[in-house]
Amino acid sequence: MFVKSLTLKGFKSFASSTSIRLEPGITAIVGPNGSGKSNVVDALAWVMGEQGVKSLRGGKMEDVIFAGTPGRAPLGRAEVALTIDNTDAALPIDYTEVTIRRTMFRSGGSEYAINGTTCRLLDVQELLSDSGIGREMHVIVGQGQLDAILRATPEERRGFVEEAAGVLKHRKRKERALRKLETMEANLHRVGDLTTEIRRQLGPLGRQAQTARRAATIQADVRDARLRLLADDLVRLMNTLQQDVADEEAMRERQGAATADLSAAQGRLNEIEAAAAAAAPALTTAQDQWFALTSLAERIRATRTLADQRIRLLAEAHQQEQEGTGRDPERLRAQAAGEREQHQALLTSAQEAREQLEVVTTTREAAEQAYQDEQHRVARLLRAAADRREGLAKLEGQVAARRSRIEAAQSELGRLAAGAQEIEVRAARAEREFAALESGLADDEEGEQGLDAEHEQAQAQLAQARTSLERAVSDERAAEQERSALTSRLEALELGLRRGDGAAHLLTWSSRSDEADAREHGVRGSVASLVRVQSGHEVAVSAALGWAADAVVVADRDAAAGALRELHAADAGRAGILIERSVDDGWQLGQSGSGAVWALDVVTAPDALQSVLRELLAGVLIVPDAAAADAVTRDNPEVVAVTAQGDLFTAAFVRGGSAAAPSTLEIQSAVDDTKERIAAVVTRSQSARFAVQAAQTSMDTLTLAVNATLDRLGESDARMAAVAEQLGQLGQALRAARGERERSARSVDAAQAALSSNEDELATLQERLDAAHAQPSEGEPDVDEQPRLAAVAAAARSGETEHRLTLRSREEQARALEGRAESLEAAARAEVENRRKAQLRRERRQREAQVATQVRDDAEVLAAKADSALQVALLRRDEAQRRRADLEADVKVLRERVVTHAEQVRALTDSAHREEMARAEQRLKVEAMQIRAVDEHGIDPQTLIQEFGPHLPIPHIPGVDDVADPAAVPEPTAFVREVQEKRLRVAERKLTQLGRVNPLALEEFAALEERHTFLTTQLDDLTRSKKDLLAIVAEIDERVQRVFAEAFADTAREFEGVFERLFPGGEGRLVLTEPTNMLTTGIDVEARPPGKKIKRLSLLSGGERSLVAVALLVAIFKARPSPFYIMDEVEAALDDANLGRLITLFQDLRDSSQLIVITHQKRTMEVADALYGVSMKGDGISTVVSQRLRDVTPASLQAPQSVSAP
């Protein structure tokens, strides 16, 4: 087993993904200070589960994430992956290669994974601890840790040995077992107390359950009798209903005849109304024509008035236009012609000046050319004379050489220009590609930060949604369980309200009567249904009321006498009766003591029942316990004290004892409270159900979002890695293209400069050669003509300037005259146009005046015709109005007839409706009885008649105490109503004789018995579990002692040997602080270097202390080897001799373990099998290069292999 690779991404200074591939043996990691070497050690410790921030050289865990540089933004997460070769199966996992990955997000979230599967930190630690790599990380020896090992306490040194031996995991298991024992001891005491208490309650509750079982049998007999009487009543009502249906047909025939008469009258009314409706359009048309002609006459008169106004306005406009005059166009044209003549004269003068300027310019150019020719002639003659003196042969040789150079330079320049153009194209293409990739990489990095944040946010939201869903599901399940329990309790309580005593008979007798009979009976209801008691005082108030708690309330004494007569007649037993009264006896409550309350203060009842309750509860005080009741009655003999348990105290007697059957008042209060709790629980259950649906929808959506962000994050990582590789290749190509372009440009400039220089030299040499050939003699040239030609040229330039000024002045005057002429001509044209438009306006006004006159005349004619047509329309309108009035009178008569027939039909319909209402009332009675069968007895009407109808024989129902003898069972008897009514009374009386029955006793006894059995079983299980845990703790202690003793003996032996090798002639050993207690003993280190007598570690030098610490670590490594060790600059304080001894130990460890050493020592590098270099450029980002030293060649030393992907 060895570390195969380490991948860092965003961890401290490793901003880009960097992979380090390791091999067995010694691996040395080197590099300058601050380049990030120790960050590799921190990454190894971090990925293996290190939780100490100081151990990672930081202030908080977020410090491990790349914090950014001036040229690169910070990242949102850090990720380290450690791949371990497990071909020897040292790790207890079925993989030959194990990858442990840890990811840290800037928001604080952290993830662990083993081979891509998400796991816990504990899973990683236990996996590594089986191979000797514990959570204390003794295999990682960081900077400054050697001295910390020596300054450690004996117990801490013991921890190093235990971790190497794999004991630490067993100690953690022992601690967990001891914590379970503490919790289990508390549970044992609690379960024992619960079992004793439940055993004490089982006796009284069992007796109550037996009574409830007998009451259930009697109630079954009562139910059978009630069902048979109810079935008989239902059959009688249904027969009566069938007889009442026969009269319906005759009533329907009379109603049909009356309806036919109404239809005939309605038809005639419809015809007359149709005629009236047909006459209405004629009247509307006549009215519309009259209104239209009236409007037309008004419009004609208005048109005539407008025509008169138009004629008057046109005449006024013509008169105003005749008064206005403008300038004469002919005079303006004459002025423009004069200006044109002056302009033409100036143009002629300017042309003459231009011709003179051309002559003067030609003269000046000729004079200057003559002067320049003379200068060139003199210079050429002077050079020719000199060249003749030097020799014509030399000049000819120089000219030939320059021509050869020019041809070669032109050829080279062409070649360089073609190459430069090709280089320029390549460089531009590389720059474009590099810029595009660099921009894309920056965008991807910015996008990846956003993706990290988005992924973290989505994960946090998903965890929150999952928690909300679990909480909502738990709430819904708890609400449903509570609702089910409360519903069962309500059903049992309502069953307890169905008593069989006289009070129950009176309530049933009142409910079976109709509304009028019920008012005559005067039964208001039971006390339990009319009185409300504050929660917690039901038992006390019921005890205080006594028989009145189960009594019936009636309206007056007559109603009470009627109720007693009914009880005697029906032989229904006895009942307490309270009579409503409105008389207030003026009872005033006194002040209650501490913790006590008057019974009347906790009771609420109708006003008519208040005075009765005052008589019953006058002087009754509710107190907390028996001691308070005894004290109250001793000091106040007139007061009756009742405790919360239902014990009643007076000055003369005490009544109470253990819990009896609850009263009707208690059961009714429990029913009301249970209904309120059910309503609240149903509301909570619905809210929880809605919350579950919303949370499930939210979690599904967020799960998709998390998967989507994770996929995009993976795609972004792959894309950034590919782009980074391409960017490196393009960067190299771009740098090469830029260098080649600069060299080519320099070559082209040099070639161009050489060509220009050679051409200039050739021209000069050629001119000198020609002059030398043309010069006949070697005399000096004549220079007297130059001054004269210079004076002539200066005079020509002065004359040219004067002529140019004259020409410019005449041109400016000509342009001014031309502008004035054009302005006068434009004014003349405008005046002509204005006069033309005025003539057109006059002609248009004349035409408009003629049209207005014609319109006025026509309007007068049309006005007369419109007045005539208006009279005719008026007559037609009056005729249509008279016809419509006649039709409306006929409609009124017919409507009265229809109303009469409708009243007859309505009367018959009302009669039929009353008959139908009577039948409906009969049906309602049938339905009410059917509903009663369903609501009170839970049986549908059809089944009621089929199984309990009067036509069926009645089987015998055995009682609780009857012997189960099939031969002695009586034969079924026929239905006789009087017999069944007597049977019902007898059964109800038996039920009354049982007294108060706890309807919940059976359920509570079964539940309590089941709970007692369950707790007894749990108590046995807890006792056995405690014994098992104690056995596990003892086994762990024995194993820890044995494993630690063996590990210490091996470590002590190895320490003596290692110390001898590091300190030849010295003496060192490990001793136990408490040899008799192997579970808690510590380890001390005794070290005596050669030539010294001291053994205290504090007196050793720094190098000696480092060697002693190394000796202890190496002894542990040898005694209990781990697959790999990481050492960070442990040899920094050693001299050359001690370094050699330490290197020898490294070589020994290489045979059994993999060593990863951070070092600056050259000798340590020489013994390494592989060498990794960590460097950091100015961008603040660490990069890594590697070299396998056993494959080193001189060539490979010049080009190390890169293993980073910056």
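For the cross-link pairs LYS172/LYS1118; LYS4/LYS1162; LYS60/LYS174, the ones whose C-alpha atoms lie over 27 Å apart are LYS60/LYS174.
Note the full-extension length gain between ASP711 and LEU1079 as 0.36 nm times their separation in residues minus their Cα-Cα distance, in nm to one decimal.
Values: separation 368, 0.36 × 368 = 132.48 nm, distance 5.15 nm.
Taking ASP711 through LEU1079 to full extension adds about 127.3 nm, to one decimal.
Rounded if a/c is under 1.5, else prolate if a/b is larger than b/c, else oblate: which is region 224-311, with a ≥ b ≥ c the root eigenvalues of its Cα gyration tensor? The shape class here is oblate.
When Rg and the Kirkwood Rh are both derived from Cα coordinates, the Rg/Rh ratio for region 605-713 amounts to 1.45. Annotation: amide H of ASN86 within the under-5 Å range of GLU97, VAL98, sequence separation 5 or more or interchain, hydrogens built in the peptide plane.
Here's the list of lysines a cross-link from LYS54 could span, going by alpha-carbon distance under 22 Å and ignoring same-chain residues fewer than 8 apart: LYS9, LYS12, LYS37.
Residues whose amide H falls under 5 Å from that of MET1127, counting only those 5 or more places apart or on a different chain, are VAL141, ILE1156, VAL1157, ILE1158, with hydrogens built in the peptide plane. Stokes-Einstein diffusion for region 153-235, with the hydrodynamic radius set to the Kirkwood value over Cα pairs and evaluated at 4 °C in a medium of 1.567 mPa s, equals 66 µm²/s. Each residue of region 181-197 was assigned a 3J(HN,Hα) from its phi angle through the Karplus expression (A = 6.51, B = -1.76, C = 1.60, θ = phi - 60°), giving 5, 4, 5, 5, 5, 5, 5, 4, 4, 5, 5, x, 5, 5, 5, 5, 5 Hz with x at Gly and Pro.
The phi torsions of region 1162-1173, fed into the Karplus equation with coefficients 6.51, -1.76 and 1.60 and a -60° offset, translate into couplings of 5, 5, 5, 5, 5, 8, 6, 7, 9, 10, 10, x Hz, rounded to whole numbers, with Gly and Pro shown as x.
Ranking ALA215, ASN239, LEU127 by how far each Cα lies toward the positive end of the dipole of region 83-240 (charges on Cβ) leaves ASN239 at the top. Within the straight-line cut-off of under 20 Å between alpha carbons, the aspartates and glutamates reachable from LYS1027 are GLU175, GLU182, GLU185, GLU1035, ASP1037, GLU1038, sequence neighbours fewer than 8 places apart in one chain being disregarded.
Taking the Cα centre of region 156-210 as origin, work out the dipole magnitude from +1 charges on Lys and Arg Cβ and -1 charges on Asp and Glu Cβ, in debye rounded to 20.
Values: 14 positive and 8 negative charges, 31 e Å.
I would put it at about 140 debye.
The protection proxy used here, the mean number of other Cβ atoms lying within 10 Å of each residue, ranks peptides 364-374, 992-1002 as follows, highest first: 992-1002, 364-374.
A Förster distance of 30 Å, applied to the separation of the beta-carbon atoms of GLU185 and ALA644, puts the FRET efficiency at 0.30. The string of couplings for region 532-548 from the Karplus curve (6.51, -1.76, 1.60, θ = phi - 60°) is 10, 10, 4, 4, x, 10, 4, 5, 5, 5, 4, 5, 5, 6, x, 4, 5 Hz, one whole number per residue in order, with x for Gly and Pro.
Any read-out appearing in this document is the output of simple, stated calculations on the displayed coordinates, not a laboratory observation. Only a predicted model underlies this, so the values are computations on that prediction, with no experimental measurement involved. Cβ sites come from the backbone with ideal geometry, for glycine too, and all protein chains shown count toward neighbours.
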